1. Which of the residues spanning the stretch 392-419 are near the ligand (Cβ under 8 Å from one of its atoms), out of contact with any Cys (no Cβ under 9 Å at 6 or more places or on another chain) and either assigned to a helix (DSSP H, G or I) or among the hydroxyl-bearing types (S, T, Y) (or both)?
2. Looking at (1) modelled with pLDDT of 95 or more; (2) outside the structural domain of A485 (by TED's automatic domain parsing); (3) buried (at least 16 other Cβ atoms within 10 Å of the Cβ); (4) within 28 Å of the chain's Cα centre (by Cα), can you tell me which one R356 breaks?
3. Would you mind finding the one in K357, K389 that is of a type in the set (D, E, K, R), in contact with a strand residue (DSSP E or B) (Cβ under 7 Å, 6 or more places away or on another chain) and in contact (Cβ under 8 Å) with a residue 40 or more places away in the chain?
4. Name the residue that is nearest to A224 (Cα to Cα), counting only residues in the stretch 518-551 that are outside any helix (DSSP H, G or I) and touching a residue at least 24 places away in the same chain (Cβ under 8 Å).
5. Can you tell me which residue among D124, D176 is under 17 Å from F222 (Cα atoms), without any contact (Cβ under 8 Å) to a residue 40 or more places away in the chain and of a type in the set (D, E, K, R)?
6. Please go through the stretch 620-640 and pick out each residue that is part of a helix (DSSP H, G or I) and either within 26 Å of the chain's Cα centre (by Cα) or under 26 Å from G498 (Cα atoms) (or both).
7. Among helices (runs of 4 or more DSSP H) lying entirely in the stretch 34-113, which contain 3 or more residues that are exposed (fewer than 14 other Cβ atoms within 10 Å of the Cβ)?
8. All but one of (1) more than 28 Å from S530 (Cβ to Cβ); (2) away from the ligand (no atom under 16 Å from the Cβ); (3) under 27 Å from the mean Cα position of the chain (by Cα) hold for I341; which doesn't?
Amino acid sequence: MSHSPHNDIGEKSVIDSELAPPQQQLSLLSQYLKTQDYDNANGIATSLSQEFPNHPVAWRALADLYRREGRSWNALGAQRKLLELQPNNAETHFNLALLYRDLGLDNEELSAYFQTLLLDPDFDQAYVAIGQKIRKFRFRSCQPSLYPILDKLIAAGKYVRPSNVAKAVLSLLSHDPLLRRLLAQPDEIEGAESFQVAVRGISRFPLLHTLMKSCAIPDLRFEALFSRMRRVALVHLSELEPSRELLDFLSALAMHCFTNDYLYPERDDEAALVAELQETVCSPIDGSEAADLAALLCLATYRPIHQLLQASALTALDTVPELRQRIFAEPLIERALTTEIPSLGVITDATSIKVRKQYENNPYPRWVRACVRADPVAADAVFKQSALKFRSGCPLNLANPEILIAGCGTGQHAIESAATWRGSKVLAVDISLASLSYAQRKTNELNQENIDFLHADILDLRSLNRDFDIVECVGVLHHMRDPSAGLQALIDLMKPGGLIKVGLYSEIARSQITRSRRKASRLGAEPTDSQIREYRRALLDSGGKELETLCEWSDFFNLSEWRDLIFHVQEHQFSLPLIDRLLKDSKIRFCGFENPSLIEKFKHFHGDNSNIYDLGAWLAVEKHDQNLFAGMYQFWCQKI
Ligand SMILES: C[S@@+](CC[C@H](N)C(=O)[O-])C[C@H]1O[C@@H](n2cnc3c(N)ncnc32)[C@H](O)[C@@H]1O
């Protein structure tokens with residue numbers, strides 16, 4: 001992506017005040033725009049742009065007017081002229097980005113958003129837009145000026161889910177000469193000295209630290225580097241100088257390993273050294289405090305130390321408060337919260353019991369930050385503007401919707417929904433208490449007051465005697481013995497005309513996963529964490545096509561998600577014809593897929609005037625692009 005920052009805000013304006021249009025003309029233009037008299041506005045803006053070509057007002061008006069008329073290329077011409085006059089105006093760059101978006105010029109669009117933020121680092125909408133845009137984007141060059149922007153994008157907790165942008169951010173970082181060297185030859189880090197050089201190098205990338213603390217790192221080169229550094233730190237611990245950089249790096253790595261559920265492969269000699277280290281750290285140690293801290297942090301890169309240490313050890317972590325909170329205090333808070341979550345009673349369905357056991361051991365997913373909007377929006381307005389085809393005139397209260405999140409897991413989706421929909425009241429249900437207490441802790445931290453959590457099986461929810469305007473159930477029904485029974489239980493809880501969002505696995509998109517699942521089933525029905533880790537290590541060692549395919553799934557980079565992907569105790573898969581039948585049998589009407597990029601692909605395939613509500617037509621697109629629904633079939637329906 002080409003990129004040329006203009007940081008000199010406040011540069012002298014190129015506008016010559018003597019060449020400014022008369023005030024009367026400007027007022028007239030403004031009046032026409034206000035009263036939406038676009039013909040007259042166009043006339044006056046055109047003549048002003050000819051008479052006073054160095055004044056921005058006419059160009060700004062023309063860009064806006066052309067855009068309204070759908071004349072995007074003309075609008076782009078006017079906007080570029082405006083940019084020549086106002087090169088340091090953030091809003092001008094942002095509006096330019098919107099025009100590039102209209103024209104499908106992705107690289108230029110993204111570049112203009114970054115330019116906006118280089119000029120005004122508080123331009124919120126540009127972060128939101130970048131978050132949506134860079135998900136699939138891969139950088140091709142080193143651009144350090146973007147690091148602080150991406151750091152804020154991830155750390156703010158309101159623009160994106162970090163896991164959604166991790167690959168893009170890593171693609172940028174991997175072009176940095178320093179990191180490129182480390183990534184190319186991690187095995188060159190052999191002893192204390194080369195390790196400390198690497199730590200000092202990495203300390204120059206706060207963005208990488210932020211990412212390590214925020215989500216799994218879905219890239220095998222970074223995984224190889226961090227596994228190597230973890231190992232060298234362990235083997236050479238006594239030789240390391242307890243510098244601030246060392247403590248910061250080990251803290252970030254410990255938080256990272258906690259977040260990926262200690263997924264990294266561990267060699268036999270490491271296991272023995274970790275056992276020794278555990279013995280030393282868990283008994284009183286002589287020596288300097290800093291050395292003790294380095295040992296503790298090193299242990300924390302291998303083991304969940306909240307399970308090993310007494311609460312009194314907390315003081316040893318005083319100088320690393322973020323780590324202390326994340327990997328020591330928070331798990332204890334969750335443990336305490338499990339007793340406070342209300343329950344609908346004992347889970348009795350045999351499959352639900354099996355599934356529950358999996359998610360009690362491996363709550364899904366272990367998220368740190370979400371896309372929690374600071375400014376809720378009205379659901380009725382958003383649904384009206386969307387491509388979803390809902391029947392109106394139903395007794396729904398979308399101005400203050402009652403929302404059920406069924407199978408909420410660790411609460412990321414529920415919290416985002418509660419923060420997104422103005423006036424909403426959310427009930428979030430799951431069978432896993434470990435997941436619910438994680439969700440409750442995050443909800444408390446974020447002061448999200450409009451969510452209640454409930455421990456219950458979807459199959460038992462009818463006894464609630466409540467009805468909801470909106471139900472969302474993503475990634476759950478395919479883990480029930482009979483997904484149609486689960487769906488029916490949810491439909492029974494909906495108001496007439498109520499809306500439901502469903503997310504189901506696609507058989508086509510998961511065909512490779514199915515092959516991997518079959519191979520992995522030799523481990524038995526309920527493999528242990530260490531068996532799962534070992535299985536993955538063997539895959540890494542053997543390389544090949546299967547590994548390449550699995551690396552495309554972000555689930556491959558976190559132990560609980562890896563279990564979910566390949567070793568799930570209960571999984572169904574769907575096809576579009578099967579979904580069509582399921583919806584007809586359940587008496588709900590398909591209202592459309594939510595993701596706009598899918599709709600773009602559909603229109604590209606079938607033409608602009610094609611019917612996006614025809615599941616048969618979608619099947620043709622999916623057969624053509626088998627990964628189309630790798631992120632599940634996620635669609636909305638309405639109760640008939
Ligand atoms: C793959 S996770 C998805 C979590 C969340 N919906 C998301 O998208 O992040 C599936 C969740 O469904 C829950 N679940 C599975 N069967 C359930 C049932 N019968 N009733 C309630 N929750 C269930 C599991 O405990 C687990 O937390």
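The values are calculated or read from the model by the stated rules, or taken from the named source; none is laboratory data. On a predicted model such as this, the values are computed, not experimentally measured, just so you know. Ideal geometry is used to build each Cβ from the backbone, glycine not excepted, and the neighbour counts take in all protein chains shown.
1. Residues satisfying the conditions are T410, H413.
2. (2)
3. On the way: K357 fails: in contact with a strand residue (DSSP E or B) (Cβ under 7 Å, 6 or more places away or on another chain).
Answer to the check: K389.
4. It comes out as P527.
5. Selected residue: D176, the only one of D124, D176 that is under 17 Å from F222 (Cα atoms), without any contact (Cβ under 8 Å) to a residue 40 or more places away in the chain and of a type in the set (D, E, K, R).
6. First, pick out the residues of the stretch 620-640 that are part of a helix (DSSP H, G or I): 620-624.
Within the stretch 620-640, V621, E622 qualify.
7. In the stretch 34-113, 38-51 are the helices (runs of 4 or more DSSP H) which contain 3 or more residues that are exposed (fewer than 14 other Cβ atoms within 10 Å of the Cβ).
8. Just one mismatch for I341, condition (2).
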